[in-house]
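Comments concern the structure below.
Computed from the coordinates by the stated procedures, all read-outs in this text should not be read as laboratory data. These figures come from a predicted structure and were not determined experimentally. Neighbour counts run over all protein chains shown; Cβ positions are idealised from the backbone, glycine included.
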């Protein structure tokens with residue numbers, strides 16, 4: 001793992017909630033710059049559109065990206081990437097790398113048991129499905145298209161449906177479970 005990959009993982013872990021209710025599964029951090037969890041880098045398509053859905057559903061306008069990321073964490077939401085190296089794609093991953101990605105996601109699913117898992121890129125859905133199957137847990141699963149060009153509306157409406165499917169919001173269940 002490169003020094004940059006370690007920095008990105010450290011940032012990601014800073015925003016990992018104590019209990020993951022909604023697990024978004026991406027492919028990898030962007031190839032050159034930006035990162036969902038890096039509030040100081042340019043905001044990418046996934047971050048911007050996810051933030052906007054959370055604003056629409058919650059009725060809150062976030063003051064900045066850190067405000068959004070803290071809200072995302074408080075709601076029990078987490079973005080996990082199948083591959084850690086920047087720009088790594090399923091198309092360039094060999095069979096062994098894909099198997100390792102499935103195994104790591106399967107372990108995370110077994111450990112965290114999220115209520116809902118969403119693949120945020122259609123081409124990775126087979127690997128996510130394999131990991132869910134291997135984890136032997138019940139999870140609501142949905143695949144959404146990555147929010148670019150023609151798919152922004154479909155991504156936003158799909159994620160909004162997921163968020164509103166939680167009775168009120170993901171945090172209600174999160175609070176109830178942490179009080180037990």
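With the condition being in contact with a strand residue (DSSP E or B) (Cβ under 8 Å, 6 or more places away or on another chain) and under 26 Å from residue 11 (Cβ atoms), I'd like the strands (runs of 3 or more DSSP E) fully within segment 74-176 carrying at least 3 qualifying residues.
Filter on segment 74-176 gives 77-81, 116-119.
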Residue satisfying condition, being under 20 Å from residue 157 (Cα atoms), assigned to a loop (DSSP other than H, G, I, E, B), more than 14 Å from the chain's Cα centre (by Cα) and without any contact (Cβ under 8 Å) to a residue 60 or more places away in the chain, within set 61, 55:
61
Which residue is surrounded by the most Cβ atoms within 10 Å (Cβ to Cβ), if the candidates are limited to segment 4-40 and must be out of contact with any helix residue (DSSP H, G or I) (no Cβ under 9 Å at 6 or more places or on another chain) and not in a helix (DSSP H, G or I)?
28
Conditions (1) surrounded by 14 or more Cβ atoms within 10 Å (Cβ to Cβ); (2) over 13 Å from the mean Cα position of the chain (by Cα); (3) over 21 Å from residue 52 (Cα atoms) -> residue 128 fails only (2)
Positions within segment 90-109 being within 16 Å of the chain's Cα centre (by Cα) and surrounded by fewer than 15 Cβ atoms within 10 Å (Cβ to Cβ), in sequence order
107
